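The values are calculated or read from the model by the stated rules, or taken from the named source; none is laboratory data. None of the values given here were measured: they were computed from a predicted structure. For neighbour counting, all protein chains shown are included, and Cβ atoms are generated from backbone atoms with ideal geometry for every residue, glycine included.
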Ligand SMILES: Nc1ncnc2c1ncn2[C@@H]1O[C@H](COP(=O)(O)OP(=O)(O)OP(=O)(O)O)[C@@H](O)[C@H]1O
Ligand SMILES: [Mg+2]
């Protein structure tokens with residue numbers, strides 16, 4: 001008998017409307033546990049909207065979303081997931097260290113002192129730990145956002161364009177970190193425009209176009225050229241958000 005891997009995320013016919021704008025038109029897919037799942041799609045395809053529904057920050061207009069078997073809006077499984085998105089969820093008037101201590105207490109992180117220092121070193125910000133977040137550059141903010149996201153060792157990572165603003169060094173750091181998390185059996189959902197990085201990390205991928213799923217598949221054995229050809233044959237070259 002083939003053992004079924006339970007799905008960490010299940011979406012059925014998700015629809016989201018903002019007034020007259022439709023952001024998702026019936027999106028269905030599953031992400032099995034311990035899978036690195038990448039969503040590709042151009043500007044306005046609906047990627048961020050989908051991630052905010054999965055994280056419980058926004059409600060779908062209709063359809064069903066389950067994360068760890070529950071409605072994410074209930075937030076009972078909040079401690080098991082982490083989000084990296086355009087919002088940093090950091091406090092400007094606290095230092096980098098104070099921000100992590102705040103989140104660590106919120107999530108009852110064990111050995112918090114060692115853990116904060118460890119993650120600050122991992123993202124290359126330890127030497128700036130006493131500086132206020134409002135003095136940070138965009139890339140430094142993104143590095144601290146990554147530190148916050150890994151601090152409480154969650155099972156599921158929702159990453160919306162996490163490479164935005166990172167320099168080459170930090171990009172490699174994040175790729176290495178994601179490879180480590182993947183090896184630890186974490187479930188990772190990534191959105192990116194970068195076909196190269198997305199394919200390099202993924203087990204499975206999905207392409208969103210015009211707010212619908214137009215392709216899902218296994219990334220294993222798929223070359224970047226084949227993915228690129230598939231991607232550009234499926235997406236239209238029209239305006240954003242179409
Ligand atoms: N808060 C909002 N109010 C109104 N419209 C919205 C809102 N959020 C998203 N939309 C619309 O929903 C559609 C999907 O947007 P979304 O941000 O999910 O796309 P995306 O795939 O993340 O794009 P990008 O690659 O640019 O980040 C777009 O047409 C967008 O204008
Ligand atoms: Mg987006």
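Considering the stretch 215-241, and only residues there that are within 13 Å of ligand 1 (Cβ to nearest atom) and surrounded by 13 or more Cβ atoms within 10 Å (Cβ to Cβ), the residue that is nearest to residue 158 (Cα to Cα) turns out to be 241. For the stretch 83-135, a residue qualifies if it is assigned to a loop (DSSP other than H, G, I, E, B) and farther than 27 Å from residue 56 by Cβ, and the qualifying residues are 111, 124, 125, 129, 130, 131. Being within 13 Å of ligand 1 (Cβ to nearest atom) and under 18 Å from residue 14 (Cα atoms) is a property that holds for residue 207. Taking the criterion of being part of a loop (DSSP other than H, G, I, E, B) and within 16 Å of ligand 1 (Cβ to nearest atom), the residues of the stretch 58-82 that qualify are 58, 59, 60, 61.
Counting the residues of the stretch 30-84 that are in contact (Cβ under 8 Å) with a residue 24 or more places away in the chain, under 21 Å from residue 213 (Cα atoms) and either away from ligand 2 (no atom under 16 Å from the Cβ) or surrounded by 15 or more Cβ atoms within 10 Å (Cβ to Cβ) (or both) gives 32. Just for the stretch 172-212: of the residues that are buried (at least 22 other Cβ atoms within 10 Å of the Cβ) and over 21 Å from residue 146 (Cα atoms), which one is nearest to ligand 2 (Cβ to nearest atom)? Applying the filter and picking the extreme gives 208.
Considering the conditions (1) part of a loop (DSSP other than H, G, I, E, B); (2) over 12 Å from the mean Cα position of the chain (by Cα), residue 177 is excluded by exactly one of them, (1).
Matching residues to (1) in contact with a helix residue (DSSP H, G or I) (Cβ under 8 Å, 6 or more places away or on another chain); (2) more than 8 Å from ligand 1 (Cβ to nearest atom); (3) assigned to a loop (DSSP other than H, G, I, E, B):
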residue	(1), (2), (3)
13	no, yes, no
16	yes, no, no
22	no, no, no
29	no, yes, no
49	no, no, no
56	yes, yes, yes
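Filtering the stretch 31-47 to residues that are assigned to a strand (DSSP E or B) and either near ligand 1 (Cβ under 10 Å from one of its atoms) or under 15 Å from residue 193 (Cα atoms) (or both) leaves 37, 38, 39, 40. Considering the stretch 180-193, the residues that are under 14 Å from the mean Cα position of the chain (by Cα) and either part of a helix (DSSP H, G or I) or modelled with pLDDT under 95 (or both) include one that is farthest from residue 35 (Cα to Cα), namely 193. Looking across 65, 53, one residue alone is under 30 Å from residue 134 (Cα atoms) and touching a strand residue (DSSP E or B) at 6+ places or on another chain (Cβ under 9 Å). It is 53. Restricting the stretch 223-242 to residues that are touching a strand residue (DSSP E or B) at 6+ places or on another chain (Cβ under 8 Å) and away from ligand 2 (no atom under 16 Å from the Cβ) leaves a set whose member that is modelled with the lowest pLDDT is 236. Scanning the stretch 147-169 for residues that are part of a loop (DSSP other than H, G, I, E, B), more than 16 Å from ligand 2 (Cβ to nearest atom) and under 23 Å from residue 102 (Cβ atoms) returns 152, 153, 154, 155.
Only residues that are in a helix (DSSP H, G or I) and closer than 11 Å to residue 222 by Cα were counted in the stretch 194-208, giving 2.
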